[in-house]
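One structure is given below, encoded as structure tokens.
The values are calculated or read from the model by the stated rules, or taken from the named source; none is laboratory data. Note that this is a predicted model, so its numbers are computed, not measured. Neighbour counts are summed over all protein chains in view; Cβ atoms, including those assigned to glycine, are modelled from backbone coordinates with ideal geometry.
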Amino acid sequence: MLDRRQLLAAASVLAVPASSAQGVAPGKVLILRHMTTEPGIGDPPGYRLDDCSTQRNLSVEGRRQAHAIGQRLATLGWRPSALLTSQWCRCRDSASGIADGLGPPAPAVTVLDALASYFDQRSRGAAQTAALRARMATLANARGFELWVTHQVNMTELTGRIVAMGEGVWLIPGPQGQMLVESFSA
């Protein structure tokens, strides 16, 4: 069972802005940092993407948090058209937990390389951010929204904001092609 702090964190990510009608998401992308992990920064030395046991993974709290966010989205009538994630296990598990919370018909969880962490290879940041901005531009006139699960470095580069694990922001196309960011973090 989630404690009060965990419930508030999950609800704060999805707070409904006054301008949003019931069932209509307020942006084109809800981008979330992966849910709460076991303690640590980055990944242990020698981690491998093909072996979750070598990575820093979600805590029990993080798994519950992901499910609660999915349930909150479903309650609001906000069903993402795509659920995209980094290939890191903590992101994939966050996305899978959100999908479980959404219930059927939840979109398939799909890895998007541009959402991968570049914590260990900062030189990849600009190219990945450009790819995410390009994808965002294709969504300006699309119906619905996409949900992206990624890492702190990616979110800060893309939005200029620092968010805690399990928190996120809505990305909203602006009138002249710029991207507006509306935070729902505590």
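If you go through the stretch 134-162 and pick out every residue that is among the acidic types (Asp, Glu) and more than 22 Å from GLN121 (Cα to Cα), you end up with 1. From the list THR110, THR159, the lone residue that is more than 18 Å from PRO80 (Cα to Cα) and either surrounded by 15 or more Cβ atoms within 10 Å (Cβ to Cβ) or under 14 Å from the mean Cα position of the chain (by Cα) (or both) is THR159.
Among the candidates GLY103, GLY97, GLY125, the residue that is closer than 21 Å to ARG161 by Cβ and of a type in the set (Gly, Ala, Ser) is uniquely GLY125. Summed over the stretch 135-168, the residues that are free of Cβ contacts under 8 Å to residues at least 24 places away in the same chain and of a type in the set (A, V, I, L, M, F, W, C) give a count of 1. When residues in the stretch 164-177 are screened for being in a loop (DSSP other than H, G, I, E, B) and either modelled with pLDDT under 90 or touching a Cys at 6+ places or on another chain (Cβ under 9 Å) (or both), 4 of them pass.
Is there a residue in the stretch 6-28 that is at pLDDT 95 or above and under 13 Å from the mean Cα position of the chain (by Cα)? No; the residues of the stretch 6-28 include none that is at pLDDT 95 or above and under 13 Å from the mean Cα position of the chain (by Cα).
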